[in-house]
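First comes the structure, then the notes that go with it.
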């Protein structure tokens with residue numbers, strides 16, 4: 001499973017040092033992202049390095065699970081109520097319908113919620129610092145954290161699993 005580490009950099013020169021150190025320690029290029037104030041992102045950060053601003057995927061997963069459970073429970077209640085006459089296939093259908101509705105509505109709501117890293121370090125971002133976000137396997141992440149910390153980037157207290165690993 002991949003975990004996420006976050007570093008604060010004062011300018012793009014420090015960002016380049018941190019990214020080089022992360023890649024040299026075994027972090028894949030696609031697993032390095034940058035977060036900054038909107039004016040800095042527009043001027044200095046390439047599009048392929050920007051972190052998506054939403055909580056879309058985690059919300060979709062939570063919605064699928066919650067909607068599926070509610071749909072299955074509704075189907076089971078309908079089976080018990082004899083006059084309705086729902087079959088086992090109907091229970092599965094209600095479960096799938098609940099999962100679909102839950103996924104859609106939660107993903108829609110989650111797309112408006114800022115990324116967890118952006119929420120956790122909004123003060124750093126507001127002060128004009130650039131966040132270097134690295135995702136790495138648990139075996140190589142400690143070496144990457146040490147390598148990036150040896151640059152002028154400051155390691156911030158954020159240690160969580162990545163969302164879709």
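Here, each number is a calculation from the coordinates, and none is a lab measurement. It should be emphasised that the depicted structure is a prediction, and the values quoted were computed from it without experimental measurement. Using ideal geometry, Cβ is built from the backbone for each residue, glycine included, and neighbour counts are taken over all protein chains shown.
Extension gain residue 100-residue 146, at 0.36 nm per residue separation less the Cα-Cα distance, in nm?
12.3 nm
Applying a 10 Å radius around every beta-carbon, put 127-139, 90-102, 69-81 in order of their mean neighbour count, most first.
Taking the mean over residues of other Cβ atoms within 10 Å, the ranking is 127-139, 90-102, 69-81.
Taking 0.36 nm per residue of sequence separation and subtracting the Cα-Cα distance, how much length would be gained by fully extending the chain between residue 38 and residue 77, in nm to one decimal?
9.1 nm
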